[in-house]
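See structure below.
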Amino acid sequence: MSSGVTVLRHWIAGGVCRCSVRLDGKTVLITGANTGIGKETSRNLAHRGARVVMACRDLIRAERAAEEIRQSTGNGNVVIRHLDLASLYSVRQFAKDFLDSEDRLDILINNAGVMMCPKWVTEDGFETQMAVNHLGHFLLTNLLLPKLKNSAPSRVVTVSSVAHRGGQIKFDDLFFSRRPYSALASYRQSKLANVLFSRELARRVKGSGVSSFCLHPGVIRTELSRHVEGWFPLLGVLLSLPALLLMKTPSQGCQTTVYCAVTPGLEEQSGCYFSDCAVKEAGPAGQDDAAARKLWKESARLVGLKDT
């Protein structure tokens with residue numbers, strides 16, 4: 001029985017990034033880095049010698065996580081900065097401070113996210129899942145592109161989800177102001193937006209030395225599920241039972257993110273979707289180049305960026 005469980009756990013763990021490349025002298029920025037797979041991604045890249053900038057909303061928890069990572073990796077070059085992706089003002093302020101104070105940006109990891117939260121509206125008037133999961137990262141990436149280009153070869157890695165396969169971009173009602181709010185439909189829409197954004201970004205920066213990748217990290221037991229358990233109380237019970245054996249740990253869940261961030265020779269696969277440390281085919285809606293261009297233009301309008 002124990003051998004069967006071991007095999008099952010190995011299968012669930014999925015791909016492992018076996019690349020041993022060092023990142024000494026490189027700077028990595030990770031959003032939502034104080035918990036879950038963001039924290040484990042930070043730990044992994046700090047262990048490789050990178051300067052790790054942890055962009056987090058809760059600075060108290062962020063400093064606690066950063067100190068733990070410094071101690072466990074022996075890398076003292078791990079810093080925290082405040083970023084609230086639900087606020088365009090916060091994103092702009094963060095980007096300005098980063099551009100003013102950092103010499104380079106080699107890897108940007110758009111990791112932060114919310115999952116199936118109630119219908120909350122941000123200070124900018126956007127539905128929260130679309131705002132945090134897509135629009136905040138869209139603005140952040142665009143504002144930091146000059147630094148990424150100056151640091152080339154560089155990479156943008158965006159954490160999406162297999163849930164994008166059930167998503168639809170409702171261009172006439174992105175924020176559920178006309179239709180009944182569905183936490184699941186909103187989450188799927190935002191994760192599809194991640195895939196389309198990553199794809200269109202790759203097209204737009206081709207030849208600049210910047211590569212763009214998106215990924216599904218797996219089904220992971222993290223704080224991200226807290227709202228799911230609120231919507232479906234029975235799920236909270238199930239998650240506390242042996243069903244946990246069917247979920248990746250945060251350390252296992254960060255492997256594909258790390259793979260996309262550090263593996264040499266991925267540049268030719270810029271714009272691709274990954275899962276379990278391998279290229280996978282995105283859902284049909286995630287391969288719609290016309291929708292990707294339309295979403296980019298609409299996102300630029302919403303966040304106040306001039307579309308070039």
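Just to verify a result, which residue in segment 145-182, among those that are without any contact (Cβ under 8 Å) to a residue 24 or more places away in the chain and of a type in the set (Lys, Arg), is most open to solvent (accessible area, probe 1.4 Å)?
It comes out as ARG178.
Somewhere in segment 109-118, is a residue in a loop (DSSP other than H, G, I, E, B), more than 18 Å from the chain's Cα centre (by Cα), within 22 Å of ASN194 (Cβ to Cβ) and not β-branched (Val, Ile, Thr)?
yes
Being in contact (Cβ under 8 Å) with a residue 12 or more places away in the chain and outside any loop (DSSP other than H, G, I, E, B) is the filter here; which residues of segment 97-108 pass it?
Answer for segment 97-108, where residues must be in contact (Cβ under 8 Å) with a residue 12 or more places away in the chain and outside any loop (DSSP other than H, G, I, E, B): ASP97, PHE98, LEU99, ILE107, LEU108.
Exactly one condition in (1) free of Cβ contacts under 8 Å to residues at least 24 places away in the same chain; (2) assigned to a helix (DSSP H, G or I) is not met by GLY76; state its number.
The single condition GLY76 does not satisfy is (2).
Matching residues to (1) open to solvent by 10 Å² or more (accessible area, probe 1.4 Å); (2) at pLDDT below 95; (3) among the polar types (S, T, N, Q):
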{"site": "VAL7", "(1), (2), (3)": "yes, yes, no"}
{"site": "ILE12", "(1), (2), (3)": "yes, yes, no"}
{"site": "CYS17", "(1), (2), (3)": "yes, no, no"}
{"site": "SER20", "(1), (2), (3)": "yes, no, yes"}
{"site": "ASP24", "(1), (2), (3)": "yes, no, no"}
{"site": "ASN34", "(1), (2), (3)": "yes, no, yes"}
{"site": "ARG48", "(1), (2), (3)": "yes, no, no"}
{"site": "VAL52", "(1), (2), (3)": "no, no, no"}
{"site": "GLY74", "(1), (2), (3)": "yes, no, no"}
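Hey, any hits in segment 250-260 for a residue that's out of contact with any strand residue (DSSP E or B) (no Cβ under 8 Å at 6 or more places or on another chain) and at pLDDT below 95?
yes
Taking ALA33, is it within 19 Å of VAL114 (Cα to Cα), in contact with a helix residue (DSSP H, G or I) (Cβ under 7 Å, 6 or more places away or on another chain) and not acidic (Asp, Glu)?
Yes, satisfied.
Under 9 Å between Cβ atoms, at least 6 apart or on separate chains: pull out the pairs that start in segment 255-268 with a residue that is open to solvent by 20 Å² or more (accessible area, probe 1.4 Å) and end on any residue that is modelled with pLDDT under 95 and assigned to a helix (DSSP H, G or I).
Within 9 Å, the pairs are GLN255/ALA13.
Could you say whether any residue in segment 84-95 is within 22 Å of PHE197 (Cα to Cα), at pLDDT 95 or above and basic (Lys, Arg)?
yes
State yes or no: is VAL156 assigned to a strand (DSSP E or B) and out of contact with any Cys (no Cβ under 6 Å at 6 or more places or on another chain)?
yes
From SER211, SER198, grab the single residue that is in contact with a Cys (Cβ under 6 Å, 6 or more places away or on another chain), buried (at least 23 other Cβ atoms within 10 Å of the Cβ), at pLDDT 95 or above and closer than 22 Å to LYS280 by Cβ.
None of the other options fit; the residue is SER198.
From PHE197, PHE138, PHE175, grab the single residue that is in a loop (DSSP other than H, G, I, E, B) and not hydroxyl-bearing (Ser, Thr, Tyr).
Going through PHE197, PHE138, PHE175 in turn, the sole match is PHE175.
The values are calculated or read from the model by the stated rules, or taken from the named source; none is laboratory data. Bear in mind the structure is a predicted one, so any value in this text is a computation, not a measurement. Here the Cβ is made from the backbone with ideal geometry for all residues, glycine too, and neighbour counts use every protein chain on show. For accessibility, only protein heavy atoms count, side chains too; no ligands or nucleic acids. Shrake-Rupley method; radii C 1.70, N 1.55, O 1.52, S 1.80 Å.
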